[in-house]
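Q: I am attaching a structure below and will ask some questions about it afterwards.
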Amino acid sequence: MNPSRGAAFIEREASVTLPWTEMAEAGLIPQGGTAARVKTGAWRTGSMPVLELSRCIHCLRCWIWCPDSAVLLDGEKVTGIDYDHCKGCGICAQVCPPKVHAIEMVPEGGEA
Ligand code: SF4
Ligand code: SF4
(Lines give C-alpha, C1' and ligand atoms only; values in the text may rest on other atoms or scores of the structure.)
(Ligands and ions follow the chains in the order given, each with its own letter.)
Protein backbone atom coordinates (compact mmCIF):
# COMPACT_ATOMS: atom_id res chain seq x y z
CA MET A 1 0.00 0.00 0.00
CA ASN A 2 1.09 3.55 -0.68
CA PRO A 3 1.74 5.25 2.70
CA SER A 4 1.03 8.70 1.20
CA ARG A 5 -2.63 7.73 0.72
CA GLY A 6 -5.20 8.62 3.40
CA ALA A 7 -6.28 6.11 6.01
CA ALA A 8 -9.80 5.88 4.55
CA PHE A 9 -8.41 5.02 1.10
CA ILE A 10 -6.11 2.37 2.52
CA GLU A 11 -8.99 0.85 4.49
CA ARG A 12 -11.22 0.81 1.40
CA GLU A 13 -8.43 -0.65 -0.73
CA ALA A 14 -7.96 -3.44 1.79
CA SER A 15 -11.68 -4.13 2.07
CA VAL A 16 -12.21 -4.73 -1.65
CA THR A 17 -9.84 -7.69 -1.50
CA LEU A 18 -11.89 -9.33 1.26
CA PRO A 19 -14.75 -11.70 0.58
CA TRP A 20 -18.08 -9.98 1.34
CA THR A 21 -18.62 -12.16 4.41
CA GLU A 22 -15.56 -10.59 6.04
CA MET A 23 -16.27 -6.95 5.15
CA ALA A 24 -17.31 -4.51 7.88
CA GLU A 25 -21.03 -3.81 8.11
CA ALA A 26 -22.04 -0.28 7.17
CA GLY A 27 -25.07 1.86 6.51
CA LEU A 28 -27.21 0.15 9.14
CA ILE A 29 -30.38 1.98 10.12
CA PRO A 30 -31.15 0.72 13.61
CA GLN A 31 -34.75 2.00 13.76
CA GLY A 32 -37.30 4.08 11.93
CA GLY A 33 -37.66 7.85 12.29
CA THR A 34 -33.94 8.57 12.61
CA ALA A 35 -33.97 11.11 9.75
CA ALA A 36 -35.97 13.56 11.86
CA ARG A 37 -33.12 13.70 14.36
CA VAL A 38 -30.58 14.75 11.73
CA LYS A 39 -30.67 18.53 11.40
CA THR A 40 -30.17 18.73 7.65
CA GLY A 41 -30.68 22.49 7.87
CA ALA A 42 -27.06 22.67 9.03
CA TRP A 43 -26.05 21.67 5.49
CA ARG A 44 -27.85 24.69 3.98
CA THR A 45 -25.54 26.95 2.07
CA GLY A 46 -26.27 30.08 0.12
CA SER A 47 -29.98 30.72 0.32
CA MET A 48 -33.04 30.00 2.41
CA PRO A 49 -36.77 30.19 1.67
CA VAL A 50 -38.77 32.99 3.23
CA LEU A 51 -42.51 32.40 3.27
CA GLU A 52 -44.93 35.32 2.97
CA LEU A 53 -47.99 33.73 4.54
CA SER A 54 -50.32 36.58 3.55
CA ARG A 55 -49.78 35.60 -0.11
CA CYS A 56 -50.10 31.84 0.40
CA ILE A 57 -53.23 30.14 -1.01
CA HIS A 58 -52.42 26.83 0.77
CA CYS A 59 -52.31 24.79 -2.42
CA LEU A 60 -49.69 22.61 -0.65
CA ARG A 61 -47.48 22.29 -3.72
CA CYS A 62 -44.42 23.26 -1.65
CA TRP A 63 -45.33 20.69 1.00
CA ILE A 64 -45.74 17.94 -1.59
CA TRP A 65 -42.46 18.69 -3.34
CA CYS A 66 -40.15 19.52 -0.43
CA PRO A 67 -37.63 16.65 -0.25
CA ASP A 68 -36.99 17.22 3.46
CA SER A 69 -40.56 17.56 4.76
CA ALA A 70 -39.52 21.01 5.93
CA VAL A 71 -42.75 22.79 5.05
CA LEU A 72 -44.81 22.97 8.23
CA LEU A 73 -48.56 22.43 8.27
CA ASP A 74 -51.41 22.89 10.67
CA GLY A 75 -54.10 20.66 9.23
CA GLU A 76 -54.18 21.61 5.55
CA LYS A 77 -52.67 25.08 6.04
CA VAL A 78 -49.03 25.95 5.58
CA THR A 79 -47.66 27.64 8.68
CA GLY A 80 -43.95 28.02 8.05
CA ILE A 81 -40.62 26.45 7.22
CA ASP A 82 -38.69 24.12 9.49
CA TYR A 83 -35.22 25.62 9.16
CA ASP A 84 -33.71 22.79 11.22
CA HIS A 85 -34.39 20.50 8.27
CA CYS A 86 -34.63 22.81 5.22
CA LYS A 87 -31.56 22.37 3.00
CA GLY A 88 -32.26 25.45 0.90
CA CYS A 89 -32.76 23.59 -2.38
CA GLY A 90 -35.32 26.14 -3.58
CA ILE A 91 -37.83 23.59 -4.92
CA CYS A 92 -40.63 25.11 -2.81
CA ALA A 93 -40.07 28.52 -4.39
CA GLN A 94 -39.98 26.95 -7.86
CA VAL A 95 -43.29 25.09 -7.46
CA CYS A 96 -45.19 27.92 -5.74
CA PRO A 97 -47.57 29.28 -8.40
CA PRO A 98 -45.92 32.28 -10.11
CA LYS A 99 -48.99 34.48 -9.63
CA VAL A 100 -48.87 33.75 -5.88
CA HIS A 101 -45.10 33.91 -5.37
CA ALA A 102 -45.37 33.32 -1.62
CA ILE A 103 -41.84 31.94 -1.22
CA GLU A 104 -38.72 33.92 -1.98
CA MET A 105 -35.22 32.43 -1.78
CA VAL A 106 -32.97 34.93 -0.04
CA PRO A 107 -29.31 34.87 0.93
CA GLU A 108 -28.75 33.03 4.18
CA GLY A 109 -29.35 35.46 7.02
CA GLY A 110 -30.88 38.02 4.62
CA GLU A 111 -34.40 39.36 4.19
CA ALA A 112 -37.00 38.83 1.45
S1 SF4 B 1 -35.79 25.10 0.19
FE2 SF4 B 1 -35.98 22.89 -0.29
S3 SF4 B 1 -35.73 21.89 1.70
FE4 SF4 B 1 -36.17 24.04 2.14
S5 SF4 B 1 -38.40 24.12 2.43
FE6 SF4 B 1 -37.96 24.59 0.28
S7 SF4 B 1 -38.16 22.62 -0.78
FE8 SF4 B 1 -37.91 22.18 1.41
S1 SF4 C 1 -46.80 26.50 -2.98
FE2 SF4 C 1 -46.97 28.66 -2.40
S3 SF4 C 1 -49.16 29.08 -2.33
FE4 SF4 C 1 -48.92 26.86 -2.36
S5 SF4 C 1 -48.93 26.31 -0.17
FE6 SF4 C 1 -46.79 26.60 -0.75
S7 SF4 C 1 -46.34 28.74 -0.23
FE8 SF4 C 1 -48.57 28.51 -0.26
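Q: Against the condition in contact with an Asp or Glu (Cβ under 8 Å, 6 or more places away or on another chain), among the charged types (D, E, K, R) and open to solvent by 80 Å² or more (accessible area, probe 1.4 Å), how does Glu25 come out, does it pass?
A: No, not satisfied.
Q: How do the pairs read when you match residues in region 38-66 that are in contact (Cβ under 8 Å) with a residue 12 or more places away in the chain and part of a loop (DSSP other than H, G, I, E, B) with residues anywhere that are of a type in the set (A, V, I, L, M) and within 16 Å of ligand 2 (Cβ to nearest atom), using Cβ under 6 Å and keeping only pairs 6 or more apart or on different chains?
A: Partner pairs satisfying both residue conditions: Glu52/Ala102; Arg55/Val100; Arg55/Ala102; Cys56/Val78; Cys56/Ala102; Ile57/Val100; His58/Val78.
Q: All but one of (1) farther than 23 Å from Gly109 by Cα; (2) more than 16 Å from ligand 2 (Cβ to nearest atom); (3) open to solvent by 90 Å² or more (accessible area, probe 1.4 Å) hold for Thr34, so report the exception by its number.
A: Failed condition: (3).
Q: I'd like the full set of residues that are more than 12 Å from ligand 2 (Cβ to nearest atom) and either modelled with pLDDT under 95 or open to solvent by less than 50 Å² (accessible area, probe 1.4 Å) (or both), limited to region 94-106.
A: If the condition is that a residue be more than 12 Å from ligand 2 (Cβ to nearest atom) and either modelled with pLDDT under 95 or open to solvent by less than 50 Å² (accessible area, probe 1.4 Å) (or both), then Val106 is the only one that fits.
Q: Also, I was wondering about something else. Of the numbered conditions (1) among the hydrophobic types (A, V, I, L, M, F, W, C); (2) in contact (Cβ under 8 Å) with a residue 12 or more places away in the chain; (3) more than 9 Å from ligand 2 (Cβ to nearest atom), Val78 fails exactly one; give the number of that condition.
A: (3)
Q: Then there's this: Which one of Ile57, Ile91, Ile81 is among the aliphatic types (A, V, I, L, M), open to solvent by 90 Å² or more (accessible area, probe 1.4 Å) and either closer than 17 Å to Gly41 by Cα or more than 7 Å from ligand 1 (Cβ to nearest atom) (or both)?
A: Of Ile57, Ile91, Ile81, the one residue that is among the aliphatic types (A, V, I, L, M), open to solvent by 90 Å² or more (accessible area, probe 1.4 Å) and either closer than 17 Å to Gly41 by Cα or more than 7 Å from ligand 1 (Cβ to nearest atom) (or both) is Ile57.
Q: Also, I was wondering about something else. For region 67-112, how many residues are outside any loop (DSSP other than H, G, I, E, B) and in contact with a helix residue (DSSP H, G or I) (Cβ under 7 Å, 6 or more places away or on another chain)?
A: Number of matching residues: 9.
Q: So which residues in region 54-112 are farther than 29 Å from Gly33 by Cβ and among the acidic types (Asp, Glu)?
A: Answer for region 54-112, where residues must be farther than 29 Å from Gly33 by Cβ and among the acidic types (Asp, Glu): Glu104, Glu111.
Q: Okay, next question. For residues that are open to solvent by 80 Å² or more (accessible area, probe 1.4 Å) and outside any helix (DSSP H, G or I), scanning just region 1-22, find the one that is modelled with the lowest pLDDT.
A: Ranking the candidates gives Met1 first.
The values are calculated or read from the model by the stated rules, or taken from the named source; none is laboratory data. A quick note: this is a predicted structure, and the numbers were derived from the prediction, not measured. Positions of Cβ are generated from backbone atoms using ideal geometry, with glycine treated the same way; all protein chains shown enter the neighbour counts. Just so you know, the surface numbers come from the protein's heavy atoms only, side chains and all, with ligands and any DNA or RNA stripped out. Shrake-Rupley method; radii C 1.70, N 1.55, O 1.52, S 1.80 Å.
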